[in-house]
Amino acid sequence: MTTVLDILLRLAVWLLLAPLLPGVINKVKAWIAGRRGPPVLQLYYDLAKLWRKGVVLSTAVSPGHVAGPAVAWVAVLSAALLLPLGPAGTALSFRGDALLFVYLLAVARFCTSCAALDTASAFEGMGVAREVSYAVLAEAAVITALLTLALQSNSVSLGTMLVPSAGAGAGLLAAGLFLVLLAENCRVPFDDPNTHLELTMIHEVMVLDHSGPPLAAILHGASVKLLLFAVLLAETVLPIGKLSPLMATAALAGSVLVVAVGVGLVESLFARLAFRRVPMLLTTAFLLSLFALLAAWKGAGA
Amino acid sequence: MKELALIAVPFVAAIAALLWPKDETRPWLLPATGVVHVALTMWLLIAPPPVEPMAWVAFDPLARAVLPAVSVLFLACAAYAVSYLRLRSERPNRVFVACLLAVLGLLSAGHQARHLGLLWIATEAVTLAAVPLLHFNNTGRAFEATWKYLLVGGTGIALSLLGSFCLGYASLHGGGGGDLTFVALTAQGAGLSRPWVLTAWVLLLVGYGTKMGLAPMHTWKPDAYGEAPGIVGALLAGAVTTVAFTAVLRVRAVVDAAGAGVVAGRTLIVIGLFSMLVAALFLLGTRDFKRMLAYSSVEHMGILSLGAGLGGAGVWAALFHVWTNALTKGAVFLSAGNIRRAGGGRTQDEVAGMAILTPVSARIFVVCMLAITACPPFGPFFSELRILRAAFADGQGAVAAVFLAALLFAFLGLSRLVFAIVDGRPRAAAKKTDRRFRETAGVIVPPLVLLGLSLWLGVATPSVLQEAWTAAVQALFPLP
Amino acid sequence: MTGALNLLVALAMGLNLLALGSSRLPSLIRAAAVQGMVLGVLPLLLEHEFHGLVWVVAAATIAIKGFVIPGLLRRALRTAHIDREVEPLLGFIPSLLLGAMAAIGAVAFAGALPLRPEHAGTLLVPGAFATLVGGLLLLMGRSKAIAQVCGYLILENGIYLFGLLLIHATPLIVEAGILLDLTVGVFVIGIIVDRIQREFDTLDTRKLTSLRE
C-alpha cells in the first residue's frame, strides 16, 4: 500500500512541478530582453485551456494519431519514475533500469514520430526526419554518459548510479548532458521553441496537426522531459549521498533552477545553429561524455 | 681537427658566397670548396684519425665508409654547376650557391654525428637548406614540388625526432642517464626498455625512411626530382639520402644491441622489397624521364634497405652500393640535365632523337642507364650481386627472387623510356628551344668522370675502400 | 603538481579536438596558438629547482608558439586575402571522431608501454601521441596551406610534449636547437605560402595537382 502511495506521490510531484520549468525559462528570457514576459504559470493555463477544447482530426489519420501522444506521455512519466528524486531515492529500482530509462525515452520519441507520420503530410515527415537524425547522435551521448556513471558506481541501476558524484569527469559529463538537454528538448542552438518559420522547425513541425487534449499531453510530456533531464544533470554532478536530506533536496531544487536559468541565458544569448552545424555540436556532446568515460576508466585503473 | 674542417670549410664558403658580389664568378666557389673537401676526405680515408669514443662528432668508421662518396659526388656536381649556372644566367644564384655549400657542410656533420639529437638537427637542417635549391627554377610547378617536399619531409623529420625521444626514453627507463650518443646507447644494450626501443625503431624508420624516399613515404620524390635542376637531383639522390641511410644504420646497430635485431632486419627487408616493387611498377608507366630517375632512386633506396636488413654481409654490400649508387646516380642526373636543357621537355612526348641533337650526352645517358640498372661491368652490378649473395647466404631465397624480379621490371621500364628519348627523329619543338645549349666540356666531363669512377669501383674496387667498409660493419655490428 | 600538469595536458588534448572541429582558419590558428602556450607553461611545472634557463626556454616557447608563428599566419591570412573557410578534405565530424579515437587509443597505447614511476600518473605520453595524431589528421585532412601549417604546428606540439619526459636528461642545447629548427621550418613554410599565393592566387593545395602520374 505504501508503495502505491509513494508512487502516486512522486507522480504528483512530476506532474505538477514540470510545467513550472518552461515558465522559468521564459521569464529569464523576458527579463534579459527587458520585457515583463508571460507569468511563470503560463503553461498551466495553456494546458487547462487545451484540456477543455475538443479534438480536430484529419480524415486521413488512424487512431494511432491520438494514441501516439498518449503513449509517449506515459512513457516519459515512467522514465521519470525510474529517476531517483534526491534523498527520497527511487520508487522503482532494479538491476538494469538505466537501460529501461533510455528505452522509455526512445519509445516516447518513436510514438510522437509515428503520430506525426500518420498524418501523411510531407511537411511533418520532414520534421520527423530531422528530429530522428539528431536523436541518434544525442542518444549516443546519453548512453555514453550513463555508461560513465555505471563504470564509476559499478552498478547499472539509476538509484545507485546517481548517488555519488561523478568524480573526475563531472565537469565533462555536465557539459555533455547540458548539450543533450538542449537538443532533446528542442531548445536554442538546436531548435527554436518559439519559431513560426516552418522551414526551420523541428519539433514544432511534428505537433502541428495535434489539437486539444493530445496536444496538452504532448506539451506536458515535453515539460516533464525537460525536468527529467535537468534532474539527471543535477544528480550526475551533485554528491547527493553525502548531504543531509534537507540539504540534498535544497541542492537539487537549486540546481534544477540553475539549469533552467542557464537554458534561458543560452536562448537569449545564442543564435540558432545552421542545420549542417548541428551534428557537429551533438558530436561534441558525445565526445565530452566519451572523455568523461575515459577519465572514469583511467580513474578506475589507477 | 680535420673532421671539423670538413664541416667548417663549406660553411665558411657558404658565407663567402652570400657576400660575394658578382653572379658570374660566384659559382667558382663550388668546385674550389669541393676540391678542398675531397682532399680532406681522401686524406682521412687513407689515414683514419683516432676516434674519441664519447665525441659527438667524429670521422668514425661509418663516416669513413660513406662520406668520401658524398664528397666526390659533390665535386662532380660543383664542376657541372659552373657551366650550368652560366647557362642559367637569367636566375640569380647567390642563395643557390650558398645553400649548396651549406648542404655540403650539413651533410658532413650528419655523416659524422655520433649523437642522436645532433644527427637529427643536421638532417632537418639539410631538409630546410634544400628548399631554395628545389625552387631555383621559380615556376609554379617548382613551388608545388617544394611545398610537397616540405610537408612530407617535415612530417617525416618530425616523426624521426619523436623516435629519437623514444629511444632516449628507452635509455632513461632502462636506468641510463638518457645519454643520446650512439656509443652510450649501444653500451646500454639489453638494458634498454624493449617496447620503447621497438616504438623508436618504427618511428625512426618511418622518419628517416621518408628522407631516404622508401615507399610508401616516397611521394615527394618524383615531384622534387622532376622540378629541381639536375645537380640538385643528383645531390638529393646520391648524398642527402645517404645521410638518412647512415642514420638508419646507426639506429639499427642500437636496436641490434638491445636484442631486437631480428625484428629490425625483417622490417628493413620488407620495406626495401616493397620500395623496389613500387618503384618498378611506376617505372613501367612513367613518360617523364626526370620522374623516372626519381623512381629509380626509390628503387635503389629499397636495395640499400634490403642490404641493411640482411646482416653483416648485406650491410657491407649496402655500403658498397651507397658508393656505386651515388656515383652512377650523379652521372645519370647530370646527363639527364643536359638532355632536359637541349631537348626542351621532360616527357617522351616532347623529347626524342637526342642521339642526333646531343650525341655525346645521349650516349652517356644510355650507358648510365645500363649502369644504374646493374649491367656489368659497372659498379651497381657488383654491389647488387653482393646483396644477392648475402640474401642467398642468409637462406632467403624468396627475398632474392622478388629482388631479381623487381630489378628486371626496373630494367624494362628504364630502357623503354631511355631509348624512346634517345632514338627517333628530333621533335620540331626541340629545334627552336634553348638553342644556347652546347655540349661543352663543362657539362660533359663531370658525368663522364662519375661514370668512369663507377666502372672503376666495379672492376677494381680499391682495397682501401673494402677495408673501410669492413671496418664500418665491424664497428656497427661487432661479432659476439 | 601532477594534478596541474594533467589538467594542462588534458586541456591541450581538448584543444586538438577544437582544432579538428574548427571550420574557420582564425579559430584554427587560435587553437594551435593556445595549445602552444599551454605547453610552454609545462616545463615550469616539471622542473624542480628553478634556474634561469628554464624560464628562458618557457618564455621563448610561449612567445614563439603562442605569438610569433600565429602572428605570421594571421598576417598571411590578412595580406593574402584568404577566404576564412577551412574547406576540409576529411569532414569535421569524421575528423573529430578520429581525433577522439586517437585520444583513447593513445591512452591505451601508453598504458601498454612501461613508464618510469615519476611519469606513471601523468598524461604526458597519451597527450603526446593524441596531439601527434591530431596534427597528422589536420595535415592530411585539410586542403588549405595555412590549415596544414597549423596541423604541422600541432604535430610539433605533440613531439614537444613527449620531449618533456626527457627534460631532466637531455642537455638544453639540443632543445634550443629543436626550437630553432621549428622556427626556421615554419618561417620557410611561411615564405612558401607567400609564393604559392602569388603564383596560384590561392592557398588551396588541391590546385597543386599538375604533378601526378
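The values are calculated or read from the model by the stated rules, or taken from the named source; none is laboratory data. Small disclaimer: the values here were computed from a predicted structure and weren't measured. Backbone-built Cβ (ideal geometry, glycine too); neighbour counts: all protein chains shown.
The table for this structure:
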{"quantity": "Pairs with Cβ under 6 Å, 6+ apart, first in the stretch A:191-218 and within 22 Å of A:Lys49 (Cβ to Cβ) and modelled with pLDDT of 80 or more, second surrounded by fewer than 17 Cβ atoms within 10 Å (Cβ to Cβ) and not hydrophobic (A, V, I, L, M, F, W, C)", "calculated": "A:Gly212/A:Lys53; A:Gly212/A:Gly54"}
{"quantity": "Lone unmet requirement of (1) over 24 Å from C:Pro43 (Cβ atoms); (2) within 11 Å of the chain's Cα centre (by Cα); (3) without any contact (Cβ under 8 Å) to a residue 40 or more places away in the chain for C:Leu138", "calculated": "(3)"}
{"quantity": "Near pairs, Cβ below 6 angstrom, 6+ apart or cross-chain, from the stretch B:134-153 (surrounded by fewer than 21 Cβ atoms within 10 Å (Cβ to Cβ)) to any residue that is part of a helix (DSSP H, G or I)", "calculated": "B:Gly140/C:Glu199; B:Arg141/B:Glu227"}
{"quantity": "Residue in the stretch B:95-106 that is in contact with a His (Cβ under 7 Å, 6 or more places away or on another chain), of a type outside the set (S, T, N, Q) and surrounded by 24 or more Cβ atoms within 10 Å (Cβ to Cβ) present", "calculated": "yes"}
{"quantity": "Among residues of the stretch C:123-152, those that are of a type in the set (S, T, N, Q), surrounded by 21 or more Cβ atoms within 10 Å (Cβ to Cβ) and more than 10 Å from chain B (Cβ to nearest Cβ), counted", "calculated": "1"}
{"quantity": "Residues of the stretch C:98-122 that turn out to be assigned to a helix (DSSP H, G or I) and either touching a strand residue (DSSP E or B) at 6+ places or on another chain (Cβ under 6 Å) or not hydrophobic (A, V, I, L, M, F, W, C) (or both), as a count", "calculated": "6"}
{"quantity": "So C:Ala106, is it more than 9 Å from every other protein chain (Cβ to nearest Cβ) and not hydroxyl-bearing (Ser, Thr, Tyr)", "calculated": "yes"}
{"quantity": "Residues of the stretch C:67-97 classified as closer than 21 Å to C:Leu17 by Cα, at pLDDT below 85 and loosely packed, with under 13 Cβ neighbours inside 10 Å, total", "calculated": "1"}
{"quantity": "Number of positions in the stretch B:160-178 that are of a type in the set (Phe, Trp, Tyr) and either in contact with a strand residue (DSSP E or B) (Cβ under 9 Å, 6 or more places away or on another chain) or within 13 Å of B:Trp120 (Cα to Cα) (or both)", "calculated": "1"}
{"quantity": "Restricting the stretch B:160-178 to residues that are farther than 11 Å from C:Arg116 by Cβ and within 7 Å of chain C (Cβ to nearest Cβ), the residue that is modelled with the lowest pLDDT", "calculated": "B:Gly177"}
{"quantity": "Verdict on B:Arg346 being surrounded by fewer than 24 Cβ atoms within 10 Å (Cβ to Cβ), of a type in the set (Lys, Arg), within 14 Å of chain C (Cβ to nearest Cβ) and in contact (Cβ under 8 Å) with a residue 60 or more places away in the chain", "calculated": "yes"}
{"quantity": "Yes/no for B:Ile387 being closer than 18 Å to B:Met276 by Cα, out of contact with any strand residue (DSSP E or B) (no Cβ under 6 Å at 6 or more places or on another chain), β-branched (Val, Ile, Thr) and surrounded by 24 or more Cβ atoms within 10 Å (Cβ to Cβ)", "calculated": "yes"}
{"quantity": "Residue that is within 30 Å of B:Ser193 (Cα to Cα), hydrophobic (A, V, I, L, M, F, W, C), within 14 Å of another protein chain (Cβ to nearest Cβ) and surrounded by 12 or more Cβ atoms within 10 Å (Cβ to Cβ), where the choices are C:Ala112, C:Ala100", "calculated": "C:Ala100"}
{"quantity": "Selection within the stretch B:284-314 - at pLDDT 95 or above and surrounded by fewer than 24 Cβ atoms within 10 Å (Cβ to Cβ)", "calculated": "none"}
{"quantity": "Subset of the stretch B:129-149 that is of a type in the set (Val, Ile, Thr) and in a helix (DSSP H, G or I) - its residue that is nearest to B:Pro92 (Cα to Cα)", "calculated": "B:Val131"}
{"quantity": "Tally of residues being among the charged types (D, E, K, R) and more than 9 Å from chain C (Cβ to nearest Cβ) across the stretch B:92-143", "calculated": "2"}
{"quantity": "Breaking point among (1) crowded, with 24+ Cβ neighbours inside 10 Å; (2) modelled with pLDDT under 75, for C:Asp204", "calculated": "(1)"}
{"quantity": "Residues satisfying the stated conditions in the stretch B:397-427, i.e. of a type in the set (Lys, Arg) and farther than 30 Å from B:Ile269 by Cα", "calculated": "B:Arg425, B:Arg427"}
{"quantity": "Residue selected from the stretch B:193-223 under the condition within 11 Å of chain C (Cβ to nearest Cβ) and part of a loop (DSSP other than H, G, I, E, B), by the criterion modelled with the lowest pLDDT", "calculated": "B:Ser193"}
{"quantity": "Residue selected from the stretch A:267-278 under the condition surrounded by fewer than 18 Cβ atoms within 10 Å (Cβ to Cβ) and assigned to a helix (DSSP H, G or I), by the criterion farthest from the other protein chains (Cβ to nearest Cβ)", "calculated": "A:Ser268"}
